[in-house]
Each structure stands twice: as C-alpha cells, then as structure tokens.
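The values are calculated or read from the model by the stated rules, or taken from the named source; none is laboratory data. Keep in mind that this is a model prediction, so the values were computed, not measured. In this analysis, Cβ positions are derived from the backbone assuming ideal geometry, glycine residues included, and neighbour counts consider all displayed protein chains.
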Amino acid sequence: MPTNTMKAIRLHEFGGSEVLRYEDAPMPELKSGEVLVRVHAAGINPPDWYLADGYKMLPPKFRPLVPLPVIPGSDVSGVVEAVATNVQGFSVGDEVFGMIRFPSYGESAAYAEYVAAPASDLARKPTDIDHVHAAGAPMSGLTAWQFLIELGHNEPNPLQPEMHRPAPLDGKTVLVNGAAGGVGHFAVQLAKWQGAHVIAVASNTQESFLREIGADEFIDYTKNTPADVAQDVDLVLDTLGGPTTGRFLRTLKRGGALFPVFPGFSDAEEAAKLGVTVSMTQVRSNGAQLAELGRLLDAGMVRVAIDSTFPLADAQKSHERAASGHIQGKIVLTVK
C-alpha cells in the first residue's frame, strides 16, 4: 500500500508552464463511492492550462476561486489500489481509465501518482491498448461522443438555455475543423463509424494521418479557406470554436447544424436566416459512455493517436509542447 505522501504536480500560484511544480503531496483520502487509482499515465487537456493560468480567458467576475496548492489534470489510466466499501464493479488490481470529476475547478487532481476517483467516472481499461493510449482517450473521446453520439446526462447547459442534442450522422456529410487534434481525431472516427461522409480540416502535414483514420476528404486550411471549399455540409464540428466559428455557417445546407466546442459564437441572426442550428455542450464525466468507447478501442474501430509523452516530472515541457500547436492526437504524462 502507498505511504501518506506521493509525487505530484502542484500549483502554488497561477501563470505559465513554470508554475507546474513536481513535489511531494499528501495522498488522497478515499471517500464514499470512490476508488483509489495508482496512476500509470495522465492525459493533458486544455482545461489543465486554463487552471494553471488562473482561468484568464474568463472575465474576472466569472473566474472560479481555486484554493492553492492544487493538482491539475483529469484524464488517467492506471490500476485500482483500494476501493471504498460501498463501491461495486471494481476490485483491487483492475486496470481502469477515466475523466475524473469533470467539470470541476481544481478537484480532479490527475497529475499525480495516485488519484481518488468516483467509481462512476471510471471504466475498465481496454485490454488491447496500453496505459498511455488509454490516458489519451477520456476527455477528448467523451467530448466527441457527447457532441456527436449521445449527450448522456440531463445537467443544465452552462453554454446555452436549451439542452444540446446530437444529430443523426448516417448518410450525412460532416466537416470536422481541427481534425488532427485530440477531440478532432476522435470526431473523425466516430462520425465515420456512424456512417457519415467526413471532411477533415487541418494543416497539410496531417493529411495522410487523417485519411488513414477515415477522412473521406481533406482541406488544408493553410492553402484554402474551408468555407470557400466545402458546401452543402450537414454538420460542422468546430473543435476550435470561439469568435470566428461563424465562418462555417456558409458551408452548411439549410437545416444543418454547427457544433462549436468552445464558446464565442456571435452570429445568431445569420444562423437563423440560414436555418442553421448552433449548439454546444460541456463535456461531463461518464464511466458508462467511456466503457462504450473502450469497446470501440478494443475492437480497433477507433484508435488514440499520441503526439508525445513526457515523464510526470516534466509536466512543464508537456504544457510547452501543447502551447506550440500543430498537435497530432494527444500529449500524455507517464507515471512510474
């Protein structure tokens, strides 16, 4: 069994990658409904660097109060070390993966040797992939799943008044912007699995990778403006989103849908004129959906692309890699 301390990445202040400190931290305490996981790998995601810089992308009045020190990270793959007495379905020694307590602000604590995770956030790790690939799957895979396949919860939507509803994909044309990134490369594969014709948008260096994982068409955004090339699309999943996502409205047919992953859409009047539905959601932890995704991973129908790996102690370098852009798949921290 572990001692009362572990190695972890902690923040004692907010800032850039330099605030990620590798140090001793208290072991997490196991609460009702939780499983203690010995972490073998932890995936990194945008919310990790949002936390590190104190959520500067939010207006000051909307920035959450995060007690310091705090351990970032939400995506893990590892082995069950202990189980609370009221937990069923998991036993010591099980290999598991999951997105822990998301959305939350500084409560996931995945950049560490151990994490206490709600059992409902976990699923059995696919047997045919290693911990690195499993750790790269949860947040990106669940984001694509909840946007495209099944929302899977009834929580109020913080991004819009109405609940997000995925659209049927069989026989439809789906454009994925940012297709080579974490969410994007899952979206390409899931849309293809559902019977869609997939148009992938990325830089020219990503074309062979995207065609390999199922893209039917490819648009190099460095040479062509996607909105000038693609027409009569049924659905656009814009993994970048933000204030410029409205440029994709003219690629869509009447009755189509635009799903921006990040908020900032401001062209509601134009969308209404074009008869386009614009809808967003906030990804949430869901062990049952992750188990479904795990079955696809085990069957080789979906795969996780790994951009790079870094030891936990080099978390600063992993965030620097993320900031450099042009990521192909996921960046993962390895934990010994």
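Only one of these conditions is not met by residue 309: (1) among the β-branched types (Val, Ile, Thr); (2) at pLDDT 95 or above; (3) in the same structural domain as residue 181 (by TED's automatic domain parsing). Which number is it?
Every condition holds for residue 309 apart from (3).
Of the residues that make up the stretch 108-118, is at least one at pLDDT 95 or above, surrounded by fewer than 24 Cβ atoms within 10 Å (Cβ to Cβ), in the same structural domain as residue 38 (by TED's automatic domain parsing) and in a loop (DSSP other than H, G, I, E, B)?
yes
Inspect the stretch 149-172 for any residue being assigned to a loop (DSSP other than H, G, I, E, B), of a type in the set (Asp, Glu) and either within 17 Å of the chain's Cα centre (by Cα) or surrounded by 24 or more Cβ atoms within 10 Å (Cβ to Cβ) (or both) and give the result as yes or no.
Yes, the stretch 149-172 contains a residue that is assigned to a loop (DSSP other than H, G, I, E, B), of a type in the set (Asp, Glu) and either within 17 Å of the chain's Cα centre (by Cα) or surrounded by 24 or more Cβ atoms within 10 Å (Cβ to Cβ) (or both).
Restricting to the stretch 1-37, and then to whatever is more than 25 Å from the chain's Cα centre (by Cα), among the hydrophobic types (A, V, I, L, M, F, W, C) and part of a loop (DSSP other than H, G, I, E, B), can you tell me which residue is surrounded by the fewest Cβ atoms within 10 Å (Cβ to Cβ)?
Per the stated criteria, the residue is 1.
Please give the number of the condition residue 219 fails out of (1) under 22 Å from the mean Cα position of the chain (by Cα); (2) buried (at least 21 other Cβ atoms within 10 Å of the Cβ).
(1)
From 76, 87, which residue is surrounded by 19 or more Cβ atoms within 10 Å (Cβ to Cβ), of a type outside the set (Lys, Arg) and within 18 Å of residue 6 (Cβ to Cβ)?
Details: 87 fails: within 18 Å of residue 6 (Cβ to Cβ).
The match here is 76.
Got a sec? Which strands (runs of 3 or more DSSP E) wholly within the stretch 217-336 have at least 2 residues that are closer than 22 Å to residue 98 by Cβ and in contact with a helix residue (DSSP H, G or I) (Cβ under 8 Å, 6 or more places away or on another chain)?
306-311, 330-334
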